[in-house]
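Presented below is the structure to which this report refers.
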Amino acid sequence: MNSKFHAFMYPRFAFGHMTPYLHLANKLAEKGNRITFLLPKKAQKLLEHLSLFPQHIVFHPLTIPHVDGLPPGAQTASDITVSLGKFLTKPWTSHVIRSKLRFSFETRPAYSLVPNAEPEVAPQAYPSSKVTFRFKNCDIISSRTCQDIKCQFCDFIELQYQKKVLLTGPMLPELDKTIALENQWNHWLRGFEPGSVVFCALGSQINIETDQFQELCLGMELTGLPFLVAVKPPKEANRIQEA
């Protein structure tokens with residue numbers, strides 16, 4: 001019996017979702033499986049170079065219709081502010097409803113997958129009071145987390161849905177050793193032991209206040225470890241150095 005399959009992947013229109021989906025696609029394609037990857041046209045140009053198995057991974061670009069509330073040409077979360085995210089969800093959701101997805105790989109927090117939950121209202125016996133999203137139709141649920149971090153949440157979801165929950169853990173791309181690290185970072189990192197540098201990234205949509213940025217950096221300093229913080233300049237500053 002042929003154990004290979006053809007998977008359709010349809011991540012939310014945000015690079016924090018599309019990128020780990022593509023990393024998973026590479027892992028599946030490495031085993032000989034076929035992947036059809038649905039994404040906005042603009043995103044394809046920025047992500048297709050990350051495909052390690054173009055013979056197995058086919059990108060299917062989508063034309064994103066205009067939605068009232070979105071600026072013209074907006075296709076991904078990087079094109080809008082966080083407050084406009086609900087409008088970008090509309091064209092994504094319409095495709096999901098029309099499709100019959102058999103497998104769901106989630107990049108959202110595990111607590112957001114609880115069935116039959118009202119926004120901000122936790123179901124009975126749920127191990128957290130934070131519930132923000134409904135989720136129902138699929139055969140298998142996979143989340144980019146691990147038992148060490150969200151054991152209670154994942155066990156609860158599996159029990160309530162009566163469906164297998166598969167955890168991928170952090171899905172990082174293979175290191176491309178043919179690409180040299182920039183000299184400034186190579187020189188800086190060589191001054192520390194392997195595995196001792198903390199990296200903090202908040203994502204392209206997060207725009208924090210100056211005092212929040214300062215607290216974040218002070219907190220990192222309290223670890224006593226070397227660290228890198230990748231964030232956008234705070235709202236009140238044009239450059240990181242001004243914060």
Positions within the range 5-54 being touching a residue at least 12 places away in the same chain (Cβ under 8 Å) and charged (D, E, K, R), in sequence order: ARG12, LYS27, GLU30, LYS31, ARG34, LYS41, LYS42
Flag for LYS150 being surrounded by 14 or more Cβ atoms within 10 Å (Cβ to Cβ), under 23 Å from HIS23 (Cα atoms), charged (D, E, K, R) and out of contact with any His (no Cβ under 9 Å at 6 or more places or on another chain): yes
Close pairs from the range 156-185: first within 24 Å of HIS49 (Cβ to Cβ), partner exposed (fewer than 12 other Cβ atoms within 10 Å of the Cβ), Cβ under 8 Å, at least 6 apart: ALA180/ASN186
Qualifying residue in the range 221-239 (condition: under 30 Å from ILE140 (Cβ atoms), surrounded by 11 or more Cβ atoms within 10 Å (Cβ to Cβ) and among the small types (Gly, Ala, Ser)): no
Output for the range 55-79, where each listed residue is closer than 18 Å to PHE15 by Cβ, free of Cβ contacts under 8 Å to residues at least 60 places away in the same chain and not in a strand (DSSP E or B): ILE64, LEU70, PRO71, GLY73, ALA74, ASP79
Residue satisfying all of: in the range 8-61; over 19 Å from the mean Cα position of the chain (by Cα) and of a type in the set (D, E, K, R); surrounded by the most Cβ atoms within 10 Å (Cβ to Cβ) among these: ARG34
Matching residues in the range 171-214 - criterion: being of a type in the set (Ser, Thr, Tyr), assigned by TED's automatic domain parsing to the domain that holds PHE227 and more than 21 Å from ARG144 (Cβ to Cβ): SER196, THR210
Residue list for the range 62-78, filter: under 30 Å from PHE5 (Cα atoms) and either out of contact with any helix residue (DSSP H, G or I) (no Cβ under 9 Å at 6 or more places or on another chain) or exposed (fewer than 11 other Cβ atoms within 10 Å of the Cβ) (or both): THR63
Filtered residue count, the range 157-197, keeping only those that are surrounded by 10 or more Cβ atoms within 10 Å (Cβ to Cβ), more than 22 Å from LEU22 (Cα to Cα) and of a type in the set (Asp, Glu): 1
Residues of the range 18-36 satisfying the condition of being touching a strand residue (DSSP E or B) at 6+ places or on another chain (Cβ under 9 Å) and within 18 Å of ALA77 (Cα to Cα): MET18, PRO20, TYR21, LEU22
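The values are calculated or read from the model by the stated rules, or taken from the named source; none is laboratory data. No experiment lies behind these values; they were computed from the predicted model shown. Every residue, glycine as well, gets a Cβ built from its backbone with ideal geometry; the counts of neighbours run over all protein chains shown.
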